[in-house]
Amino acid sequence: MWLDTVVTGFMQPDDDGIPAHESFARETLEETIGDVARSPGVVRYLASRLGEPAGAGCEVATITTQPGSRSQRNAQRNGFGLLYVRAILVLNHGGPA
């Protein structure tokens, strides 16, 4: 239930701000997040609302968002600060450089 909740959260698109150029298959996220969750010392938390899974809590959290997105605004409103900005350069085939 924990893994499904975390992966489902990662899979939710945020269409505000700059469009994302990355996507991952659910199976890839399940494998990667599952590997981390099974690491020694990792404690998993599951938050619920009205008896249904609502999120997976943790002691230290990082969030990756698209610049100017609803996710970025929500994260900052909830106490997260900007740590760094990552540029992803995309080659425009057939268009002006």
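The values are calculated or read from the model by the stated rules, or taken from the named source; none is laboratory data. Predicted model, so just to flag it, every value in this text is computed and none were measured. All Cβ positions, glycine included, derive from the backbone under ideal geometry; neighbour counts span all protein chains shown.
The table below gives the values:
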quantity	calculated
Which numbered condition Ala47 misses (of (1) touching a strand residue (DSSP E or B) at 6+ places or on another chain (Cβ under 8 Å); (2) modelled with pLDDT under 90; (3) among the small types (Gly, Ala, Ser))	(2)
All positions within region 54-79 that are among the β-branched types (Val, Ile, Thr) and loosely packed, with under 10 Cβ neighbours inside 10 Å	Val60, Thr62
Within region 83-97, tally of residues that are at negative phi and either small (Gly, Ala, Ser) or at pLDDT 90 or above (or both)	3
Search result, residues across region 16-42 that are part of a loop (DSSP other than H, G, I, E, B) and touching a residue at least 12 places away in the same chain (Cβ under 8 Å)	Asp16, Gly17, Ile18, Pro19, Ala20, His21, Glu22, Phe24
Residue match in region 75-86 (condition: in a helix (DSSP H, G or I), of a type in the set (Lys, Arg) and within 14 Å of the chain's Cα centre (by Cα))	no
When residues of region 1-56 are limited to those that are touching a Lys or Arg at 6+ places or on another chain (Cβ under 9 Å) and small (Gly, Ala, Ser), the one nearest to Ile88 (Cα to Cα)	Gly17
Single residue of Leu82, Leu91, Leu29 found to be out of contact with any helix residue (DSSP H, G or I) (no Cβ under 7 Å at 6 or more places or on another chain) and surrounded by 10 or more Cβ atoms within 10 Å (Cβ to Cβ)	Leu82
